[in-house]
Amino acid sequence: MCGRLSQYSGIHDFVAALSMPGALINNLGDQPLGRYNAPPTMQLALFHVAGDMLYADPVTWGWRPHWATDRAAPINARVEKVAHGPFFRQIWPHRAICPIDNWFEWVDEGGPKKQPYLIRHRDGSPILCASIGQLPEPNEGDGEHDGFVIITADAQGGMVDIHDRRPVVLAPELAREWLDPATPKERAEQMALQQGQAAEAFEWFKVSNAVGNVRNHGAELIDRA
């Protein structure tokens, strides 16, 4: 998965897709998020659960443990290693969902520049990406070291032609189970490894090269080229 995505819907649209009963603590406001071309290190909307509450917080896309000062903060974590490797051990128990509208990949098609593609659900519904992170503590303000990564798996079907990795996307009922603190870590690992949505749930198409410039933010970036 490449490091660019869109998160332009309003938080209540994402909550409706998650269909999770109970109280919502919304720290993002009620307006559309409007992020058509979000890069790493940007604060993105993230769902997590604390107590009996669903929180929607702005959290930095990217995280590394305090001892990993020799590298940039990863934005993704490979599902094959995330549950047992030392790098993400600290945050593996802290599950979250990053709701997005689409993500982008770049494909070498022999031209002078790689061709960007947009990937989204065929039915246009929000995409619920399995994530883990160092998450905000309720009522404690912004955490200096808060951040999250999206879990990725091998691409399948025709999606392999676009990129060899994809986010682990969970259906709403699985996303709710993923968020539930009572879900055992072993069950969460099983979901991430085996129950991500298949390639058939998605469509992809070419978009303008303008998406390659992070200074471009308009809605025209998600139009078919």
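Multiplying the sequence separation of residue 67 and residue 122 by 0.36 nm and subtracting their Cα-Cα distance, what value in nm do you get? Please report the intermediate quantities before stating the final value.
Details: separation 55, 0.36 × 55 = 19.80 nm, distance 4.12 nm.
The span from residue 67 to residue 122 would gain 15.7 nm if fully extended.
Could you work out how much longer the chain between residue 213 and residue 183 gets when fully extended? Use 0.36 nm per residue separation minus the Cα distance between them, nm to one decimal.
Details: separation 30, 0.36 × 30 = 10.80 nm, distance 4.01 nm.
Full-extension gain reported as 6.8 nm.
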Checklist outcome for this item: Amide H contacts under 5 Å for residue 7, restricted to residues at least 5 apart in sequence or on another chain and with H modeled in the peptide plane, are 35, 36, 37, 38, 101
Checklist entry - Using the C-alpha gyration tensor of segment 118-225, what are the square roots of 5 times its eigenvalues, in whole angstrom, with the largest one first? => result 27, 21, 12
Checklist outcome for this item: Taking N as the residue count of the chain, its alpha carbon Rg divided by 2.2 N^0.38 Å gives 0.97
Next on the checklist: Suppose R0 equals 30 Å. What FRET efficiency, 1/(1 + (r/R0)^6) with r the Cβ-Cβ distance, do residue 161 and residue 12 give to the nearest 0.05?
Outcome noted: 0.30
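If R₀ is 45 angstrom, what is the calculated FRET efficiency for the pair residue 53 and residue 109, using the beta carbon separation as r and rounding to 0.05?
Working: r = 46 Å, r/R0 = 1.03.
FRET efficiency, residue 53 to residue 109: 0.45.
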Checklist entry - Cα centroids of segment 137-171 and segment 179-205: how far apart, whole angstrom? => result 11
Item to check | Nitroxide proxy distance, nm - points 7 Å out along Cα→Cβ at residue 137 and residue 90 | outcome: 1.4
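Hey, with R₀ at 41 Å, roughly what FRET efficiency would residue 154 and residue 27 work out to, going by the Cβ-Cβ distance, to 0.05? List each step's numbers first, then the result.
Working: r = 34 Å, r/R0 = 0.83.
The computed FRET efficiency comes out at 0.75.
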Checklist entry - Can you list the aspartates and glutamates whose alpha carbon is less than 15 Å from that of residue 206, not counting same-chain residues fewer than 8 positions off? => result 105, 108, 109, 161, 220, 223
Checklist outcome for this item: Using the Kirkwood formula on alpha carbons, the hydrodynamic radius of segment 139-179 in angstrom works out to 12.9
Checklist entry - Picking from 72, 29, 9, whose Cα lies most toward the positive end of the charge dipole for the chain (charges on Cβ: Lys, Arg +1; Asp, Glu -1)? => result 72
Next on the checklist: Can you order the peptides 112-119, 169-176 by their average number of other Cβ atoms within 10 Å per residue, highest first?
Outcome noted: 169-176, 112-119
Checklist entry - Expressed in nm to one decimal, what extension gain is obtained for the pair residue 201 and residue 220 from 0.36 nm per residue of sequence separation less their Cα-Cα distance? => result 4.5 nm
Item to check | Cα-centre dipole for segment 1-104 with unit charges at Cβ (Lys and Arg positive, Asp and Glu negative), debye to 20 | outcome: 480
Item to check | segment 43-109 pair-distance distribution - Cα-Cα, 10 Å bins, rounded % | outcome: 16, 42, 34, 7, 1
Item to check | Under 20 Å from residue 185, Cα to Cα: lysines that are on another chain or at least 8 residues apart | outcome: 81
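What percentage of the solvent-accessible surface of segment 49-200, computed with a 1.4 Å probe over protein heavy atoms, is contributed by carbon and sulfur atoms?
Details: 3400 of 7300 Å².
Looking at segment 49-200 in its full context, I get 47 percent from C and S.
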Next on the checklist: Check which residues have an amide H placed less than 5 Å from residue 28's amide H, if you skip close sequence neighbours.
Outcome noted: none
Checklist outcome for this item: In whole µm²/s, the translational diffusion coefficient that Stokes-Einstein assigns to segment 84-170, given a Kirkwood hydrodynamic radius over C-alpha pairs, 25 °C and 0.890 mPa s, equals 162
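The values are calculated or read from the model by the stated rules, or taken from the named source; none is laboratory data. These figures come from a predicted structure and were not determined experimentally. Because the Cβ atoms are built from the backbone with ideal geometry, glycine has one as well, and the counts that use them run over all protein chains shown. Note: areas computed on protein heavy atoms with side chains; ligands, DNA, RNA excluded. Shrake-Rupley method; radii C 1.70, N 1.55, O 1.52, S 1.80 Å.
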